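A short write-up of the structure that comes next.
The values are calculated or read from the model by the stated rules, or taken from the named source; none is laboratory data. It should be emphasised that the depicted structure is a prediction, and the values quoted were computed from it without experimental measurement. A quick note on method: Cβ atoms are made from the backbone with ideal geometry, for glycine too, and the neighbour counts reach across all protein chains shown.
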Amino acid sequence: MAAKAKKSSSGKKTAAAAVKHGDAARKNPKALEKEISNELFTDEERARMFFIEHWKLIAAVAVLAVLAVTGWFAVSSHMRSVQKANTAKLADAKTIAEIETVIKNTPDAPGADAAKFRLATMYAAEKNYVKARQVLEALASSTSDVANRDRARLNAAYTLEFEGNAADAAKKFSDIAGNTALPAMVRAEAGYAAGRLYIDLKKTAEARKVLATIRALKVKPEEQPGTAAWQMRAENLEATIN
């Protein structure tokens, strides 16, 4: 009885929908078909019908999604393997020529910054301070690592001192010390070096100025012990000026 009642009700509903939209069918058959579908079927039924009608397209999209994810993982894995191999090459390079070659071929490999520092040290050991400074200045302008950039700047200034160019070295250290955008510890080390060189050059006014700037840095010794140590050295150095 229930089945018959349901069938009867469905039939009446279909008939009513057909009568209601008779005129609309002649004007826009597709719009009518959509409206009748909305009246006769639930959301779940319409979704099931859509899947049945478009299952090939849905399957194709799913396959493409899987291939895309698989491809991404494959590319990512390959890149990690390449990076690992390049890092090993940098670590294995021993001579200046070997390090230069590997850096040239893999400038952005993990460990490239460390290799450039090592290269600059090797040049300095051979007293080729110009080449050492060129490597350090290039590193300072190219690296994305802030700590490596600051260290490269400081070391480039030290190469000027090792080369015997105390005046230019003092100026470079002084510029670093006065750069308020740099970390306090970097500025403190540079300020001490500048003050030391200015004293050697008998430029006491410049020495006092840069050393006073460093001593005035507001830091807490327990939080920045390295900076505090450079400040103490600057204070002791300033006390030696007559």
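Inspect region 109-116 for any residue being exposed (fewer than 13 other Cβ atoms within 10 Å of the Cβ) and at pLDDT below 80 and give the result as yes or no.
Initial filter on region 109-116 (exposed (fewer than 13 other Cβ atoms within 10 Å of the Cβ)): 110.
Narrowing further to those that are at pLDDT below 80: 110.
Yes, some residue in region 109-116 is exposed (fewer than 13 other Cβ atoms within 10 Å of the Cβ) and at pLDDT below 80.
The residues of region 142-168 that are among the hydrophobic types (A, V, I, L, M, F, W, C) and closer than 23 Å to residue 113 by Cα, listed by number, are 146, 147, 152, 154, 156, 157, 160, 162.
Results for (1) within 28 Å of residue 225 (Cα to Cα); (2) free of Cβ contacts under 8 Å to residues at least 60 places away in the same chain; (3) touching a Leu at 6+ places or on another chain (Cβ under 9 Å), shown as yes or no for each residue.
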site	(1), (2), (3)
133	no, yes, yes
138	no, yes, no
152	yes, yes, yes
156	yes, yes, yes
168	no, yes, yes
178	yes, yes, no
183	yes, yes, no
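Please determine whether any residue of region 79-94 is closer than 23 Å to residue 184 by Cα and modelled with pLDDT under 95. So that I can check it myself, show each step before the final result.
Initially, region 79-94 is screened for residues closer than 23 Å to residue 184 by Cα, giving none.
The answer is no; no qualifying residue exists.
Among the acidic types (Asp, Glu), surrounded by 15 or more Cβ atoms within 10 Å (Cβ to Cβ) and in contact with a Leu (Cβ under 8 Å, 6 or more places away or on another chain): which single residue out of 206, 238 fits that description?
Numbers: 206 fails: in contact with a Leu (Cβ under 8 Å, 6 or more places away or on another chain).
When all the criteria are applied, what remains is 238.
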